1. If packing is taken as the mean number of other Cβ atoms within 10 Å per residue, what is the order of 176-185, 77-86, highest first?
2. Among 52-58, 207-213, how do they line up from the highest to the lowest mean number of other beta-carbon atoms within 10 Å?
Amino acid sequence: MSVLKKLEEKIQGLFEGGFGRAFKSPVQPVELARKLVKEMVDNKVISISRVYVPNEYSLFLSSEDYQQFEAYEEQLKADLADYLIEHARKEKYELLSRPIVIIKTDEDLVVGEFGIATRMVSAPGPSAPEAPAVPADAEQGPGQTVVYRPQAQPDGTMAVSADDAREMGLTRECITLTVGDFVYEVKKHRVLLGRSRQCDLVLTDSNVSRRHAEVRQRGNDYLVVDLDSTNGIEVNGQKVKTKALQNGDLLTIGTTRVRFERQLC
């Protein structure tokens with residue numbers, strides 16, 4: 001097991017037992033660790049012979065989230081700093097000193113949201129004896145705060161980012177349309193649904209038009225579009241002409257129900 005994986009388990013272990021059962025926030029410690037690493041990478045500075053990364057990380061939480069982290073704050077900050085060190089070591093990044101993590105509250109944040117701001121400074125705290133001098137092109141002032149807003153799926157689970165998916169060994173997104181026991185995997189930018197045998201997903205329903213609807217990809221989103229059908233389309237019981245689809249949405253086409261799902265696989 002990798003050092004980073006062991007650290008992740010240790011960080012997550014803070015929230016087991018009685019505290020874990022009481023923990024209600026969608027913000028999870030491992031998510032914080034991974035997003036801190038993302039900000040490390042996004043704010044690196046490439047010098048002549050080295051790649052420098054921030055060594056001060058300000059983590060902003062809503063007041064409600066902070067209350068649930070407060071009892072374990074010091075331990076969590078230490079473990080998050082260790083996680084940053086291990087990632088820097090793995091990628092051969094240069095830290096000017098041991099990183100410190102500062103946890104603050106922000107009244108503009110709601111439960112589940114958190115922000116991160118980074119800085120590269122000479123001595124944010126007790127510096128390691130071997131810490132190099134700050135290069136002129138590396139030291140930074142306070143960076144912009146990046147706010148993360150995890151989005152809940154209809155089933156109550158949290159959306160997984162592409163970065164986290166790679167950490168979890170999930171490498172691609174599966175888009176499916178399910179009719180009864182039949183599952184059609186969407187692999188095209190446009191999928192035609194209807195009664196005609198020329199459709200990608202054939203619906204044997206007399207209430208379905210020959211070319212009834214399309215599921216179209218638009219950037220990272222998928223839309224369902226009514227192709228001027230006789231009986232129209234409903235999404236979760238509401239009549240629509242065009243609508244962006246979310247995981248778990250139920251499409252009614254004629255009298256046939258089609259479930260739209262997107263998940264990492």
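1. Highest mean packing first, the order is 77-86, 176-185.
2. Peptide ranking by packing, descending: 52-58, 207-213.
Coordinate-derived values only; no laboratory data. Computed from a predicted structure; not experimentally measured. So basically every Cβ, Gly included, is an ideal-geometry build from the backbone, and we count neighbours across all protein chains shown.
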